[in-house]
Amino acid sequence: MPALRLPLEIKIQEPSPSMDDAGGDILPSLGRVRLGDLAAVEGLASDSYKICVSTLMQSLAQYSAAIIQLPPADAALLRSGLDSARLFFHQRVYDSVGDVVHSDDAREWKTSGYYADPQMWLEMYDYRPGVTVREHGGAMELSPSGLPDIFSMLGKVCRDILDAVSFSLNLRSCVFTEILDNMPLRSQEVSSSVLSACCHSRPSFEEAQQHGIASPDDSQLLMFSEQEQQIDKTLLTLVKSDRSGLYIKDLHGRWILVDGDLGPHDIVVYPGLALYQETSGYVNPAVHKTEVGNLQGCMFGRCSLAFKLTPRFVARPGGSEMGAAGHGVDTQFQVPVTVTEFMQTDHSADQLFPKNNESSSQAEQDASPNSVTKKKKGITRTKSLPPSKRLRLEAQRVLKERVQDIADRRGIKLRFCNLKECESHIRSLDSPCDNIRTEIGWPQGVPFVHPHDLPNKAKLGFLEAYEPGWTASQQDE
């Protein structure tokens, strides 16, 4: 391994609204980090690694997505794969009888080979190592070229990102490895992860009209796919497209175009439900949708490659590791769930994140007197969420709206302590964080750590210190 590492490069995608953060700094827009700076090494973590991990986690917390910049060789392999996928679908003749139309749940679970969904104007080819795909006549099915190499490369990228997540959450470095497939797969094993080559709205796919399905030129064309509340049941999803159109909801329920300004080396990453389960709700899954109505005149449609890292079939994701690291774990995460049961259970975005729907409607009514009054009070309605999660979201909001504002006005850089270390700091006369706690009015007896990681009782003290009467206001709702 070379001794000299390239300097950290962090870029910003414009435009995008600011959001709640994971470490004290508010990212004004989607964060971009270089994969080379995200690779973990033996020994102490470098400053560049810490900054890179912080940027990644802040972006995931604020936007449920981030941009990873790949090395030139990996980026070239990805572009070649996209070109091959584009040609593969362009030459493919859709067979409405032989090509199985999968349901939404099946699309993310144990699929392989080519299939299509005419109602969504979507064609896909799933590459899953360990499965030999054959056509209806028994011959081996042809596929876009380069998929095995791309699968291996993106799998390594996802594992590097998971290492960064475990570092940020103070988990053991091997914690996610235990729920992933063997690397490499053993004999007779089938990969739980999948690489999907996708094509939306290909003009030659219009023959679906013969079966009563609207084509992309239909006058009643919808701008987005029918599934506007999609959540992947994965740990992580990596996506690279030849045209923009991927929208993800931010923490306030606003749709953000996340691939509108990607460079040739950039790829989008967003978390899924399995990571939400494994981190006991500390990393929220992305709610996303794909724009399909802006492709008129494009002979190839919109092609993309999506790598979905999924826990191995026999794994049982749960919150035990989070609890061992000192994090609060809600009751719903304390009982491990088998991956098979998890993948076959319907998970609704409305059930998981009711606050998103309230926030979306509120954003559309910002001009109303009632919404102005609510903003002045600075209180977000999160009553329908579980108590511990409501406290966590409110603490993040107050950090952004109150604490960060005080720190910015006084020119203070917020650097939070570790929870276990700071419990002794607050009882010490020469505490290393004493000055900054005094400057920003941090409540007495509350450890100077990110509010997200405070115990629930300490969160209440934090909220009351910066928003007196917060507890009473919640009881009145």
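Among the residues of the range 74-119, the ones that are open to solvent by 20 Å² or more (accessible area, probe 1.4 Å) and at pLDDT 90 or above come to 10 in all.
No other residue among E467, E421 is in contact with a helix residue (DSSP H, G or I) (Cβ under 8 Å, 6 or more places away or on another chain), among the charged types (D, E, K, R) and either outside the structural domain of D330 (by the TED database) or buried (at least 18 other Cβ atoms within 10 Å of the Cβ) (or both) apart from E467. Please tell me if G146 is open to solvent by 20 Å² or more (accessible area, probe 1.4 Å), within 15 Å of S304 (Cα to Cα) and at pLDDT 85 or above. Considered against the rule, which asks whether it is open to solvent by 20 Å² or more (accessible area, probe 1.4 Å), within 15 Å of S304 (Cα to Cα) and at pLDDT 85 or above, G146 comes out as yes.
Residue-level check: of (1) in contact with an Asp or Glu (Cβ under 8 Å, 6 or more places away or on another chain); (2) surrounded by fewer than 14 Cβ atoms within 10 Å (Cβ to Cβ); (3) of a type in the set (D, E, K, R), K457 misses just (1). Out of the range 156-205, which residues are assigned to a loop (DSSP other than H, G, I, E, B), polar (S, T, N, Q) and either in contact with a helix residue (DSSP H, G or I) (Cβ under 7 Å, 6 or more places away or on another chain) or open to solvent by less than 20 Å² (accessible area, probe 1.4 Å) (or both)? Across the range 156-205, the qualifying residues are S173, S191, S192, S193, S201. Of the helices (runs of 4 or more DSSP H) entirely within the range 386-477, those holding at least 2 residues that are over 23 Å from L60 (Cβ atoms) occupy 404-409, 419-425, 434-440, 456-466, 470-476. Of the residues that make up the range 8-29, is at least one modelled with pLDDT of 50 or more, surrounded by 15 or more Cβ atoms within 10 Å (Cβ to Cβ) and part of a helix (DSSP H, G or I)? There is no residue in the range 8-29 that is modelled with pLDDT of 50 or more, surrounded by 15 or more Cβ atoms within 10 Å (Cβ to Cβ) and part of a helix (DSSP H, G or I).
Suppose the filter is closer than 22 Å to F151 by Cα, touching a helix residue (DSSP H, G or I) at 6+ places or on another chain (Cβ under 7 Å) and either without any contact (Cβ under 8 Å) to a residue 12 or more places away in the chain or open to solvent by less than 40 Å² (accessible area, probe 1.4 Å) (or both); does L275 pass it? The answer is no for L275.
The residue that is farthest from H327 (Cα to Cα), among those in the range 256-279 that are part of a strand (DSSP E or B) and under 14 Å from the mean Cα position of the chain (by Cα), is L257.
Any residue that is surrounded by 23 or more Cβ atoms within 10 Å (Cβ to Cβ), modelled with pLDDT of 85 or more and in contact with a Pro (Cβ under 6 Å, 6 or more places away or on another chain) - is there at least one of those in the range 65-73? The answer is no; no qualifying residue exists.
The values are calculated or read from the model by the stated rules, or taken from the named source; none is laboratory data. Predicted, not measured: the structure shown is a model, and the values here were computed from it. Because the Cβ atoms are built from the backbone with ideal geometry, glycine has one as well, and the counts that use them run over all protein chains shown. Just so you know, the surface numbers come from the protein's heavy atoms only, side chains and all, with ligands and any DNA or RNA stripped out. Shrake-Rupley method; radii C 1.70, N 1.55, O 1.52, S 1.80 Å.
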